[in-house]
Amino acid sequence: MSNFVNIESKPAEGATAARAQLATPASGNATGTPAAAAVQVTDRAIKRIKIAIAKEGISPEEGGLRLGVMGGGCSGLSYSIKFDTHPRDRDRIYEFDGVRIFIDPKSFIYLHGMTLDYEETLMRQGFNFINPNSTRSCGCGSSFSS
């Protein structure tokens, strides 16, 4: 079974709810952001991110996972997820059990309040964006509108 990133706006049908961790601000940029307005990452996602960061050879103390939103896709906006070796100047930086998440200010408008989950079943495996800001998503599950 190959690894891929599956990006959705809603949890998969029949998926069990995983316990999500609230963000711990890791920099002054995230301070003052109420925890409810921040992002959450489930324990399953944290475990998978740690494995992937180790495979990529990225230092957990300096690098992390960058979550973002880009224009495009069937519904107008698409999620992006990639590794980065260091945060950018205006990034919001969150830490979950040693995993750092970077979000640029523009993307945070669309991602605040969302939960990043990881699903691994016989049919599929990948990350899911569970985003309460999403008003509509396309059939392929890779884009949304807000």
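The values are calculated or read from the model by the stated rules, or taken from the named source; none is laboratory data. It should be emphasised that the depicted structure is a prediction, and the values quoted were computed from it without experimental measurement. We place every Cβ from the backbone using ideal geometry, glycine too, and count neighbours over all the protein chains shown.
Here are the numbers for this structure:
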item: Residues of segment 71-110 classified as among the aliphatic types (A, V, I, L, M) and farther than 24 Å from residue 59 by Cβ, total; result: 2
item: Qualifying positions in segment 81-118 - aliphatic (A, V, I, L, M) and surrounded by 15 or more Cβ atoms within 10 Å (Cβ to Cβ); result: 81, 93, 99, 101, 103, 111, 114, 116
item: Options 144, 102: the member that is at pLDDT 90 or above and not small (Gly, Ala, Ser); result: 102
item: Segment 35-71 - residue that is in a helix (DSSP H, G or I) and of a type in the set (Lys, Arg) and, of those, farthest from residue 106 (Cα to Cα); result: 55
